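What follows is one structure encoded as structure tokens, with my remarks underneath.
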Amino acid sequence: MSDEVAHHVFPADGRSLRRVCGMFVTGVTVISTGAGDEGDGTTVNSFTSVSLDPPLVLFCIHRESRLRGELTRSGRFAVNLLARRHEQLAQVFAGRQAPAAGRVFSGRSARGVPVLGESLAYMDCDIRAEYPGGDHMIVVGEVVQLGVHRRRQEPLTFFEGSFGRLEEELRAAYARWDG
Ligand SMILES: Cc1cc2nc3c(=O)[nH]c(=O)nc-3n(C[C@H](O)[C@H](O)[C@H](O)COP(=O)(O)O)c2cc1C
């Protein structure tokens, strides 16, 4: 039975797929990579956990992303989970210009991968596999080390193209739900 009463139905073109996927609330991460004094990162919300044993996570990255070369060179990356107050950082890392590594990466993991010192937590990973996923690549990493901030912080969320706090976002989007 079709459900055209409750839902508008669209063909799955890029624009509507982007819009619908944007209705899936996510956290926001910066994937960082690099070695020595070098370091770069990009804002990613396609992060997810995959397996506990072995400890695997994944993210999807555009084939043309500037980060791909460095990911391949170093074979490592860190997933930095952003806090609510890191919206500006998320915007900087979503830009096409690499921010100066020394200014944005306040730390390094024990293995030397650049990390954002004030993140909620980070996962230091070795790349285990890369799979083609259309115009993106699916990168699977094995988590070797974890860093968890000593202070509990609110997470940064992403919903319908906006950063924010879950409660605020849902209020704005579903104005009729005032409970
Ligand atoms: C909230 C948010 C989530 C994003 N998630 C992804 C993602 O999962 N994968 C991806 O390739 N790009 C993602 N992007 C876009 C990249 O951050 C952006 O295209 C990239 O930094 C642009 O620079 P580049 O093309 O030089 O790599 C996201 C952007 C934002 C704002």
When N counts the residues of the range 27-147, how does its alpha-carbon radius of gyration compare numerically with 2.2 N^0.38 Å, as a ratio?
-> 0.95
What is the packing order of peptides 149-155, 110-116, 69-75, taking the mean over residues of other C-beta atoms within 10 Å and listing the highest first?
-> 110-116, 69-75, 149-155
Residue separation times 0.36 nm, minus the C-alpha to C-alpha distance between Met23 and Ser51: what's the value?
-> 7.6 nm
Would you be so kind as to identify which of Leu116, Gly14, Asn80 lies farthest towards the positive end of the dipole of the chain, taking Lys and Arg as +1 and Asp and Glu as -1 on Cβ and the Cα centre as origin?
-> Leu116
Return the whole-Å distance between the Cα centroid of the range 86-165 and the Cα centroid of the range 12-33.
-> 16 Å
What number, in percent, do you get for the relative contact order of the chain if the mean sequence gap of Cα pairs under 8 Å and at least 6 apart is divided by its residue count?
-> 25 percent
About its Cα centre, what dipole magnitude does the range 27-147 give when the only charges are +1 on Lys and Arg Cβ and -1 on Asp and Glu Cβ, stated in debye to the nearest 20?
-> 220 debye
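Rule-based calculations on the coordinates, nothing more; no lab input. Since we're looking at a predicted model, the values are computed, not measured. No Cβ is skipped: glycine too gets one built from the backbone with ideal geometry, and neighbour counts run over all protein chains shown.
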